[in-house]
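The values are calculated or read from the model by the stated rules, or taken from the named source; none is laboratory data. Computed from a predicted model, the values in this text were never measured in an experiment. A quick note on method: Cβ atoms are made from the backbone with ideal geometry, for glycine too, and the neighbour counts reach across all protein chains shown. We work out accessible area using only protein heavy atoms, side chains counted, and drop any ligands, DNA or RNA first. Shrake-Rupley method; radii C 1.70, N 1.55, O 1.52, S 1.80 Å.
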Amino acid sequence: RSGQYTMNHEHLKRSPDGAAFDRSGSQDSLDELSMDAYWKELENIHETRGNNHEERVVVKEPDEGELEEEWLKEAGLSNLFAESCGESQDSVVLLSTLTRTQRAAVEKRVETVTQTMRKKNKQHHIPDVRDIFRLQNDSKGKVCDGSELSAGTSESKSKAQDGAKAGEEKSPVEDVPSSDTDINLEISFAEQAANLKDLPGGKICRGGAGDTLLPNYRVPKDKTGTTRIGDLAPQDMKKVYSLALIELTALYDILGTEFKQQKAVKIKTKDSGLFGVPLSVLLEQDQKKVPGTKIPLIFQKLITHIEEATLETEGLLRIPGAATRIKSLCQELEAKFYDGTFNWEHVKQHDAASLLKLFIRELPQPLLTVQYLKAFQDVQNLPTRKQQLQALNLLVLLLPEANRDTLKVLLEFLQRVIDHRDKNKMTLKNVAMVMAPNLFTFQAFPSKAIEQKEFVMAAGTANVMRFMIQYQTLLWTIPKFIVNQVRKQNAESQKKEKKDKAMKKLLKKMAYDREKHERQEKTPTD
C-alpha cells in the first residue's frame with residue numbers, strides 16, 4: 001500500500017468488483033495513455049517510499065458537534081457559543097454583511113452546536129443567530145446580498161483596490177458580453193447556485209462526460225479593477241478567510257455536497273532539514289539565509305535546475321529517476337545544501353523532477369493542507385465546471401500563506417512545462433495525471449474506504465489538478481462580492497471607532513468637570 005491507494009498492479013487495472021474500468025462514465029473521458037501515466041506514477045511513489053515510510057501525522061475524526069464548533073471558530077464566530085458569550089462588535093459587523101445563503105450556513109452550524117451542547121448538559125448560553133440578523137435588519141435595512149453596498153461603503157476606497165489595478169493586465173479580463181464562460185465575481189457564488197436551482201426545472205446539469213476540452217472561462221472587465229491575493233493588507237486577508245469559509249460552506253450546502261474539515265493530530269515532525277519538514281519550519285530556517293523569502297529555497301532551486309536544462313525534454317515529470325539514486329541525492333542534499341557544497345552539475349534533469357515531486361509528497365502535512373485536502377478532492381463532485389472553479393477559488397483563499405505561495409510557484413512551473421508540449425509531449429492532461437497523485441496522496445487518510453472509489457477518484461483528482469493549472473490566474477483573484485463585504489466591515493468598524501472616541505472624550509470631560517466641581521466644594525470660602 002502507498003497512502004490511499006492499493007499498489008497491486010492487477011488491482012490498479014480493474015475496478016474493485018472485478019469489472020473493467022469504464023472511463024466513459026467519468027466526468028471527463030480520459031485516454032488510456034493518461035490513465036496509465038497516473039498508475040505508473042503511483043508505482044513510482046511506492047518504490048521511492050519503500051517499506052519503512054514513517055507515519056508522522058494522523059487525521060482525527062471529529063466528534064458530534066465538534067466539527068461545527070471548530071467551523072465557527074475558524075469563521076471568527078466563536079463568541080456565539082463560548083462561555084464568555086457576548087455579541088462582540090467584530091461578530092456583529094461580520095454577520096451584518098452576510099448574504100442569505102451565508103446566513104443559512106451559519107445558522108445551521110450554530111443550531112448543531114446548540115443541540116450538541118444541550119445533549120452534553122453544557123450550560124453555555126447560545127444566542128439565536130436569526131435574532132441577531134433580525135435586529136440588524138430592523139435597524140439597518142436590508143442586509144448586504146453580495147451585490148449591493150450602502151452609499152458610504154461604495155464610496156470608500158481601499159488600498160487593495162488601488163493595488164489591484166496594477167495587476168489588471170495579468171488577469172484574464174476581457175470586455176465581452178455576458179456568456180456561459182463568464183465568471184461573475186460580483187454576486188455570491190452560493191446565491192448564484194441558489195438562483196439557478198430556483199429557476200423553472202430547478203436542476204443543475206453536469207457538463208458532457210465526453211468533453212475533455214476545458215472552457216475558456218474569463219472575468220468580464222470591471223471599471224474598478226480586479227483584486228488579487230497579495231493586494232490586501234494582512235488584517236483584511238483575515239476577514240477574507242472568514243468570508244471565504246462561510247461562502248464555500250454555503251455553496252456546498254446549496255449543492256448538497258458535504259463539507260468536512262479534517263483535523264491533523266501531530267505524531268512526529270522534523271525540526272530541521274529539507275525533506276519531511278513542515279513548510280513553516282523550512283521558511284523560518286530559509287529566511288535566516290535569505291530574508292523575506294516566501295518559498296522554500298530547495299523548492300526554488302529544484303525548479304531552477306530543471307529549467308536550466310530545457311523544458312523540451314520528452315517525458316519531463318513523467319519519467320522517474322532511479323529510486324536508489326534519488327535516495328542518495330536526498331541524503332547528500334540534507335548534508336550539503338545549506339553550506340553550498342552540493343554539486344548540482346551531477347543531478348540529472350529527471351532526478352531533479354523526481355526530487356521536486358518527492359519534496360511535495362514528503363511534507364508532514366499535504367501542500368493543500370489536511371484541513372482542506374478532502375474539500376479539494378470533493379470539488380469533482382460539484383455539478384458544473386463553473387461551480388467547481390468557484391469552489392477552487394474559495395479553497396485557494398483558505399490556504400495558509402506559505403502553502404498558497406508554494407502552490408502558486410508550482411502551478412506556474414507546470415504551466416511552463418505544458419507550454420513546451422510539442423517537444424516534451426507533456427500536455428495539460430498528462431501533467432495533471434502525473435502530478436495529481438503527488439498532491440492528493442496522503443498516507444494519514446484511511447485507505448480502505450477510498451479504495452472502493454479509487455478509479456473515480458483517479459480521474460476526479462486529475463481533473464481538479466487540470467483546473468488548478470488551467471485557471472490558476474482566476475484562482476488567485478479575490479471575488480468582488482467578498483471585497484465588498486470586507487469594505488463594508490471596515491466602514492462599520494470605523495463608524496464604531498468614531499463613536500467610541502466620541503464617547504471616551506465625553507466621559508473624560510465629564511470626569512474632569514466632576515473633579516473640578518469637587519475641588520471647588522473643598523476649597524474654603526473667605
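Ligands, DNA and RNA excluded, the heavy atoms of Glu74 present near 50 Å² of accessible surface to a 1.4 Å solvent probe. Taking the 1.4 Å solvent-accessible surface of region 264-478 as the whole, the part contributed by carbon and sulfur is 50%. Across all Cα pairs in region 359-430, the calculated P(r) in 5 Å bins from zero up to the longest distance comes to 3, 14, 19, 20, 22, 15, 6, 1 percent per bin.
Send over the Kirkwood Rh of region 264-478, from the inverse of the averaged 1/r over different Cα pairs, rounded to one decimal Å.
Result for region 264-478 stands at 18.1 Å.
When all protein chains stay in place and ligands, DNA and RNA are ignored, the 1.4 Å accessible-area order of Trp344, Trp39, largest first, is Trp344, Trp39.
Dipole size of region 264-478 about its Cα centre, with +1 on Lys/Arg Cβ and -1 on Asp/Glu Cβ: approximately 540 debye, rounded to the nearest 20.
Determine, from the Cβ-Cβ distance of Trp344 and Lys505 and an R0 of 60 Å, the FRET efficiency 1/(1 + (r/R0)^6), rounded to the nearest 0.05. Efficiency at R0 = 60 Å is approximately 0.40. Electrostatic bookkeeping for Gln489 treats Lys and Arg as +1 and Asp and Glu as -1; over the other residues with beta carbon under 10 Å from its beta carbon, the sum is 0.
Highest first, please rank the peptides 223-232, 393-402 by the mean number of other Cβ atoms sitting within 10 Å of their residues.
Top of the packing list down: 393-402, 223-232.
Solvent-accessible area per residue in region 264-478 equals 37 Å², computed with a 1.4 angstrom probe and all protein chains kept. Rounded to the nearest 0.05, what FRET efficiency do Arg519 and Gln235 have when you use their Cβ-Cβ distance and R0 = 41 Å? Computed FRET efficiency for Arg519 and Gln235 comes out at 0.40.
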